[in-house]
1. Using the structure shown, decide if I182 is open to solvent by 20 Å² or more (accessible area, probe 1.4 Å), part of a strand (DSSP E or B) and touching a residue at least 60 places away in the same chain (Cβ under 8 Å).
2. Please note which strands (runs of 3 or more DSSP E) are completely contained in the range 189-270 and include at least 3 residues that are out of contact with any Cys (no Cβ under 9 Å at 6 or more places or on another chain).
3. For the range 128-182, enumerate the residues that are within 14 Å of the ligand (Cβ to nearest atom) and basic (K, R).
4. Is at least one residue of the range 86-103 in a helix (DSSP H, G or I) and either buried (at least 18 other Cβ atoms within 10 Å of the Cβ) or within 13 Å of the ligand (Cβ to nearest atom) (or both)?
5. Select from the range 109-131 the residues that are at pLDDT below 95 and open to solvent by 30 Å² or more (accessible area, probe 1.4 Å) and list them in ascending order.
6. Against the condition under 18 Å from the mean Cα position of the chain (by Cα) and of a type in the set (S, T, N, Q), how does S133 come out, does it pass?
7. Would you confirm whether any residue within the range 25-39 is of a type outside the set (S, T, N, Q), buried (at least 22 other Cβ atoms within 10 Å of the Cβ) and farther than 21 Å from E185 by Cα?
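The values are calculated or read from the model by the stated rules, or taken from the named source; none is laboratory data. Bear in mind that the values here come from a model prediction, so they are computed numbers and not experimental data. We place every Cβ from the backbone using ideal geometry, glycine too, and count neighbours over all the protein chains shown. We work out accessible area using only protein heavy atoms, side chains counted, and drop any ligands, DNA or RNA first. Shrake-Rupley method; radii C 1.70, N 1.55, O 1.52, S 1.80 Å.
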Amino acid sequence: MATPSQTPASGSPLAKAFARDGYAFPIRALAADQATSLRRRLERAEADAATQGNMKAMVTGLPHLVMPEFHDIVRDPAITDPVSEILGQDLLVWGCSFFTKEPRTKSFVSWHQDLTYWGLDDVDKVTAWVALSPATLESGCMRFVSGSHTQQIVPHKDTFDPDNLLTRGQEVAVEVKDEDAIDVELQPGEMSLHHGRIFHASHPNASDDRRIGLAIRYIKPSMRQTSGVKTFAVLARGEDRVGNFELAARPEGGFSDADVERCREAFRRRESILYSGATDDGRRKMA
Ligand SMILES: O=C(O)CCC(=O)C(=O)O
């Protein structure tokens, strides 16, 4: 059944296109050299984390809570201005993570709708997916089904496929026609925006470079976790007049004890939501 998507906060061309299609791209978010330097920052952190157990999960799964550079990026007006045209001037970051596919690997993302397992009570969410390397047909760029955000959340099944980058390997239990998919090709520093109910997926990376995207989940402060768990959020812009989330300050950096402890707690709370109702023992632990 078609249902209205959220009402855009502005009548801008971007907001209108987003309300109609459920996505917008390409949007220049960062200069190419800024994207390269963030990629280098990420790769330094990955190398440091390689020897230190759970640090890798923090770098990948909540970079804005442990690395000041990524906290600053989620608050950068070059990214939040377009998001505000859709959601309004008050924005929280509910989550932020890297979707990285190594060269010539089988990692993929199945067709899904983001809001299926996030335990949020409304649809006022926009993902900004920022490319830190070329996202092309060859490297496995995202694919969207235009207009699919006007449906309710459809049934999903958990596969726990180890090559699937999603937490539960979840996929929609309805047919998606390949010819309906739009390929979201992006150059480093460009971003796409997508709605919380749009059907989206991506193929494996057949290129010789890594395919790296930073997915930033923006919500309105009025959103609420239906389970009552107060998850962490970062104030990206404007004000939070409601207090439905625990606001996290800029990290100190250097994987300080305080940052690491907060990040662990953020993972614990998030896991209780994302894996709610899951039965498979093979589920991935985030930290
Ligand atoms: O990076 C991908 O290929 C998929 C990302 C995704 O599913 C998302 O950002 O919601």
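1. On the way: open to solvent by 20 Å² or more (accessible area, probe 1.4 Å): yes; part of a strand (DSSP E or B): yes; touching a residue at least 60 places away in the same chain (Cβ under 8 Å): yes.
The answer is yes for I182.
2. Counting at least 3 such residues, we get 190-195, 211-219, 232-237.
3. The answer is R143, R168.
4. Applying the first criterion (in a helix (DSSP H, G or I)) to the range 86-103 yields 86-87.
Keeping just the survivors that are either buried (at least 18 other Cβ atoms within 10 Å of the Cβ) or within 13 Å of the ligand (Cβ to nearest atom) (or both) gives 86-87.
Yes, there is a match, as at least one residue in the range 86-103 is in a helix (DSSP H, G or I) and either buried (at least 18 other Cβ atoms within 10 Å of the Cβ) or within 13 Å of the ligand (Cβ to nearest atom) (or both).
5. T116, Y117, D121, D122
6. Numbers: under 18 Å from the mean Cα position of the chain (by Cα): yes; of a type in the set (S, T, N, Q): yes.
Yes.
7. no
Okay, residues lined up against (1) hydroxyl-bearing (S, T, Y); (2) open to solvent by less than 20 Å² (accessible area, probe 1.4 Å):
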residue	(1), (2)
S133	yes, yes
S139	yes, yes
H156	no, no
T159	yes, no
L165	no, no
R168	no, yes
